[in-house]
1. Counting DSSP beta bridges with both partners in the chain, what percentage is antiparallel, nearest 5?
2. Which of the aspartates and glutamates could a cross-linker span from K179 if the Cα-Cα distance has to be under 15 Å and same-chain partners fewer than 8 positions apart are dropped?
3. For the pair Q15 and I182, what calculated FRET efficiency results from E = 1/(1 + (r/R0)^6), where r is the Cβ-Cβ distance and R0 = 35 Å, to the nearest 0.05?
4. Sequence gap at least 6, Cα distance under 8 Å: using those rules, report the relative contact order of the chain to the nearest whole percent.
5. Using Cα centres only, tell me the gap between segment 14-69 and segment 149-199 in whole Å.
Amino acid sequence: MNQDTVNHQAFVTLQAGGLVAIPTETVWGLACDPFNAAAVERFYQVKGRDPSKPSQVLCASREHARTLAALHENDHLRFERLSARFFPGSLTVVVPAVSSVPIWVAPHGKVGVRVPDHPLTLALLQACGGYLLASSLNRSQQPPALSQQQALELHELYDVLLPGEISHGQSSTVYDFEKHQILRQGPISLQDIEEALNA
């Protein structure tokens, strides 16, 4: 089965409300259509994850990420500096969500946005309209899959696997845009973020 066939299979699965295992540059991910309530409910069920705990939305581009963020005028420049420096890459930025983001994606009015630095997943994102709800491929409280073999061993969590490799093996840094603090430390430090903001 060639890559185009696999990509199409993943696309069709997501459109139908299914779950797909995806490679990113950080760790393997589990993804679904963020605007499909039934898909998101199943996503949380298979992971055993609390639905009130927000997941990230992977975005196809900086522009896609920006459309999800409800920013005050003086925050636009800060967001642009961050996204120019770290998108695509291993930074998830938690921002106030615009009203069009479903409550099941942003249960507390905030959403984490990231543009992954992985060609296969970016191509899938473009095909799916630019957005996928995603979290690490694992059951809650378990370590994430770090190889395709580990991803295959978790086959009961998803419907289709998008074959690929990861490069870092470390989850993204999660940064709260409003509070200016790191919620989860990953490859990008607070100092890296501050340097980008002050550039």
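Bear in mind these aren't lab numbers, they're just calculated from the coordinates by the rules spelled out. Fair warning: this is a prediction, and the values are worked out from it, not measured in the lab. Here the Cβ positions follow ideal geometry from the backbone for every residue, glycine too, while neighbour counts run over all protein chains shown.
1. Values: 19 of 28 bridges.
Taking every DSSP beta bridge within the chain, about 70 percent pair in antiparallel fashion.
2. In chain and number order, the partners are D75, E194.
3. Working: r = 35 Å, r/R0 = 1.00.
Efficiency computed from Cβ-Cβ geometry: 0.50.
4. That works out to 32 percent.
5. Cα centres, segment 14-69 to segment 149-199: 13 Å.
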